[in-house]
Amino acid sequence: MNDQPSDSKVCGATNRLGLKDNILRHIVTTFGSDCERLNKDRLYKGLAYAVRDRLAENWVATRRLYRQEKVKRVYYLSLEFLPGRFLKQNIQATGLEAEVSDVLNELAFTLGRLEKQEAEPGLGNGGLGRLASCFMDSIATLRIPGHGYGIRYDYGLFEQGLEDGNQTERADNWMRFGSMWQFDRPHFFYLVRFGGRVERFVDDSGRLRHTWVQTKKVRAMACDFLVPGFGNHYTTNMRMWAAKATTGFNLKLFNSSDYVGALREKATTENISMVLYPEDETVEGKELRLKQQYFLVSATLQDIMRRHDNECTSLESLPDEVAVHLNETHPAIAVAELMRLLVDERLMEWETAWNICTKVFSYTNHTVLPEALECWPVDLIERVLPRHMEIIYEINRRFLEEVSRRYPGNLKKLERLSLISEGWNRLVRMAHLAIVGSHKVNGVAALHTGILKNHVFPDFYELWPEKFLNVTNGISPRRFLLQANPSLAALITEAIGPAWVRNLEELAKLRDLADDPAFQEKWQAVRQANKERLIQGEGCLCQINASPEALFDIQVKRIHEYKRHVLNILHAVTLYNRIKVHGDIPAAPRVILIGGKAAPGYHMAKLIIKLITAVARVINEDPQVRPHVSVHFLPNFNVAMSERLIRAADLSEQISTAGMEASGTGNMKFALNGALTIGTMDGANIEIREEVGPDNFFAFGLSAEEVARNRSGGYNPRLHYEFNDELKHTLDMIHSGFFSPGQPELFRPITTGMLDRGDWFMVLADYEAYVAKQAEAMALFRDQTARTRRSILNTAGMGKFSSDRAVMEYVRNIWKVNPLK
Ligand code: NBG
């Protein structure tokens, strides 16, 4: 076997055409533009296509390799992917940087300028989608035979704007100017069915058969986005399905002048892949959302079965050839769908089919928030997927029989484990379906997996302890250091060589340099330059009026109460009061940057954005305060913006209520780039602290256990308020309308939520410890040598948090696939 796919045989043509000619040819022949009148748009498109040509060759070669080797493959099913911009990543992976830079130089353009022409596909809400994309990068870099499957939404996560401090939402028409990286594959389409009813009959061999009839049909068309491995000629794909109507438009209605009616069918069916649901941790109980889930699952399983039928002889061998991973419960209906395919369509016995099913699937849980544990009304599933509901009942019947054999007479147990929650509104618990149907279930950080075992699914854990395991999340070192922070990456490579890009543990070698004054100086210079570039408004960020000498304190993530942006704001107001009331000037200026989107229907989250902007206005407009503290809300936070922020941060805010953030991955991105973390003992923060050393991490606040204990009784938030003057003052100002002149009641839902409605997120309980840690962070910041040393030690300690390590754990412990040689 060659070490590399034999790409010469695939399409030497493109490789033989020099990059420049290739670009210019695309500008003329693909886009019909004049290559003598170049502009950044034409050049971006020509360059993207020239790079894509090279990827396509590698992709074809990789597929040949799969067929030759007949390897087991893993399919990663996710309703969300957040790949970020492709251009730089694809250039880097294919090793074209130098060539691209020469060509662009010759044409008097820079990659930075062209890159901004690319709209990023916001096909995910946050961490879960970005994790899926980091995993795709690792799958390709580690040469794992695997593919991503998702939905090619026409509109991604909304574009966030601000109007008078209120979040505004605009449809994200990301494909407006085309989608350069996408291969439409109209010949790979499948029919996906909905609705209808189930017919039963006994066939000639005496077998009871079920057919699903009178259904509505939608076509799923494959759109492939290629994912190159880093420097290895290996290229895999994310296959994203787009909904297409089975009938174009109704000519009869059109001819009778009913132009809207003529298109109705097309509009309603294509709706399925129209928009990403802008919910992060809550579920919109919408029929369309269930349809999206089934749409992904049905098209994907048909594609998998087609490939299996082409390449393998027996259905029974499916678990040896195929692993299907469920990213959250969003694609969990796959368990019922595979059973339907095997039992109804392939006429397999139930037991045999079930045995296959439970060997094929595995499931990752990403959240413990009760509102995010998906439950679908039984009557909704009955209406949209009638046969699946019957199958779920049958899975449940057999499962509960097994449970009663194990726990005779224990009705409570049955009730707790059942796939259906009984009551006036009967619901299917999708997490239970995913657990019962999978051979492995994992959480995404050690603490989170412990909470799953002991608090969220304790009955399942007792039943099948061997099913549960932890795989702590990771991030792509290519995307979030090499690409996001080129100057730091270059410095690291100069110091320890380039191996860290593929083996992040190599970063540990930086420990020896942490005390080296010359290295510290270079490290510091790179960080300072990154801050300067951020202030200059690079990357279309808003202009931040601040000095690069300031401490850059950054919190960027979706806005959710448990992430506690409010705690950050209480701290900002405290600093403001210290200056205004006591003339207490901080040792160095501090710039507080906050960014993130609130789900459009999540009023409290939107009010939090309003509060941040209101506090920012007062602080930033006060000439006495502004030189020392400023607060900025950065609208429309996305992957591209995260790349610019993580390299400029001194302090990373990871301050969720302990026990509520499953893992966090932003925490990893910042620490990898040398920011110090101020964080609670939550999610992966705990493991980051272990790895970088407790001295290099500002930990504070209640532990998950303490939070749970407080919640079960005895927590009185008012005590914190009464006994802490600064806190009292701060809350009183917000409560009385100091930050909302003319609308004194505006922020009361926030303050009374803490003072009078139990402070579910324990903001007040953690305030004092947080403010004290912030002071420690500031004191350290003043000492440049000490802070640079700790910054280096943070980066040095982050080897564990590579998505390569995480993916290898999935490969070994869950998917059981072999990397290609
Ligand atoms: C999110 C968690 C994060 C975690 C990511 C990736 C969901 C449902 N969960 O803590 O909130 O880092 O998943 O695992 O989006």
Handout entry: Pairwise centroid distance, computed over Cα atoms, of segment 603-665 with segment 324-338, Å
Key = 35
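Give me the percent of the accessible area of the chain that comes from carbon and sulfur atoms, probe 1.4 Å, all protein chains in place. Display every interim value, and only then the final one.
Values: 15740 of 31100 Å².
Its accessible area is 51 percent carbon and sulfur atoms.
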Practice task
At 1.4 Å probe size, with no ligands or nucleic acids counted, give the accessible surface of H147 in Å², nearest ten.
Solution key: 10
Exercise for the section: Could you point to the residue in L77, N696, Q214 farthest towards the positive end of the chain's charge dipole, with +1 and -1 charges on the Cβ of Lys/Arg and Asp/Glu respectively? Expected result: Q214
Handout entry: In nm, spacing of pseudo-spin labels at S487 and E345 (7 Å Cα→C-beta vector)
Key = 5.5
Problem - Cα-based reach from K597 at 20 Å (exclusive), listing lysines while leaving out same-chain residues under 8 positions away - result: K557, K563, K606, K610, K669
Fill in the blank from the handout: Taking the alpha-carbon centre of each part, the distance from segment 761-802 to segment 202-227 in Å is 54
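For segment 273-380, what is the accessible area per residue in Å² when the probe is 1.4 Å? Don't skip to the answer; put the middle values down first.
Numbers: 3280 Å² over 108 residues.
Accessible surface, normalised per residue, equals 30 Å².
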Practice task
Mind giving me the nanometre distance, one decimal, between the label points for Y393 and R718, set 7 Å out from Cα along Cα→Cβ?
Solution key: 5.2
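Quick one: grab the alpha carbon gyration tensor of the chain, order the square roots of its eigenvalues as a ≥ b ≥ c, and give me rounded if a/c is under 1.5, else prolate or oblate depending on whether a/b is larger than b/c. Mind dumping the intermediate values first?
On the way: a/c = 1.60, a/b = 1.22, b/c = 1.31.
It is oblate, given that a/c is not under 1.5 and a/b is not larger than b/c.
Using heavy-atom solvent-accessible surface (probe 1.4 Å) with all chains present, what is the largest-first order of K669, K728, K116? Walk me through the numbers on the way to the answer.
Working: K669 25, K728 65, K116 95 Å².
Correct descending sequence by accessible area is K116, K728, K669.
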Problem - Gyration tensor verdict on segment 57-182 (Cα atoms; rounded if a/c is under 1.5, prolate if a/b is larger than b/c, oblate otherwise) - result: oblate
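What's the FRET efficiency of H729 with V202 using the Cβ-Cβ distance as r and R₀ = 56 Å, to the nearest 0.05?
Working: r = 78 Å, r/R0 = 1.39.
Rounded to the nearest 0.05, the efficiency is 0.10.
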Handout entry: Accessible area expressed per residue, segment 665-712, with surrounding protein chains retained (probe 1.4 Å, Å²)
Key = 31
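What is segment 164-211 by shape, rounded, prolate or oblate, if you read a ≥ b ≥ c off the alpha carbon gyration tensor as root eigenvalues and call it rounded for a/c under 1.5, prolate for a/b larger than b/c, and oblate otherwise?
oblate
Relative contact order of the chain, please, whole-number percent, based on alpha carbon pairs below 8 angstrom and at least 6 residues apart. Show your work: numbers first, answer last.
Details: 1515 pairs, mean separation 105.3, N = 821.
Relative contact order here is 13 percent.
Output the relative contact order of segment 557-640, whole-number percent, from Cα pairs under 8 angstrom with separation of 6+ residues.
Reported relative contact order: 39 percent.
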Completion exercise
Using a 1.4 Å probe on heavy atoms of the protein chains only, the accessible area for C134 in Å², nearest 10, reads 0
Practice task
Please give the peptides 241-252, 407-418, 67-78, 795-806 ranked by average Cβ packing (other Cβ atoms within 10 Å per residue), highest first, as a rough proxy for protection.
Solution key: 795-806, 67-78, 241-252, 407-418
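What whole-number volume per residue, in cubic angstrom, does the convex hull of the C-alpha atoms of segment 637-793 give?
Working: hull volume 21.6 nm³, N = 157.
Looking at segment 637-793, the number lands at 137 Å³ per residue.
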Completion exercise
In whole angstrom, the spacing between the Cα centers of segment 715-754 and segment 423-444 equals 40
Practice task
Output the peptides 348-360, 255-267 sorted from most to least packed, where packing is the average of other Cβ atoms within 10 Å over each peptide's residues.
Solution key: 348-360, 255-267
Handout entry: For segment 2-154, accessible area per residue (1.4 Å probe, heavy atoms of protein chains only), Å²
Key = 37
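Hey, what did segment 150-213 get for relative contact order, percent, Cα under 8 Å, at least 6 apart?
Working: 52 pairs, mean separation 12.3, N = 64.
Relative contact order comes out at 19 percent.
Applying 1/(1 + (r/R0)^6) with R0 = 60 Å to the Cβ-Cβ distance of T30 and I585, what FRET efficiency is obtained, to the nearest 0.05? Write down the numbers at each step before the final one.
Details: r = 60 Å, r/R0 = 1.00.
Efficiency for this residue pair is about 0.50.
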Practice task
Kindly list the residues of segment 639-655 that lie in the label zone of K116, defined by a backbone N under 15 Å from the point 7 Å along the Cα-to-C-beta vector.
Solution key: 640-641, 644
Problem - Debye intensity ratio in log₁₀ form over the Cα atoms of segment 483-547, taken at each q of 0.22 Å⁻¹ - result: -0.92
Exercise for the section: Sort T30, T730 by accessible area with a 1.4 Å probe, largest first. Expected result: T30, T730
Exercise for the section: State, to one decimal in nm, how far the label point of F738 lies from the label point of K286, with both points 7 Å from Cα in the Cβ direction. Expected result: 4.0
Problem - Candidate residues L79, L373: accessible-area rank, largest first, probe 1.4 Å - result: L373, L79
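The values are calculated or read from the model by the stated rules, or taken from the named source; none is laboratory data. Quantities reported herein were computed from a predicted structural model and do not represent experimental measurements. Glycine also receives a Cβ, built like all others from the backbone with ideal geometry; neighbour counts cover every protein chain displayed. Ligands, DNA and RNA are stripped out before the accessible areas are found, and what is left, the full protein with its side chains, is counted by its heavy atoms. Shrake-Rupley method; radii C 1.70, N 1.55, O 1.52, S 1.80 Å.
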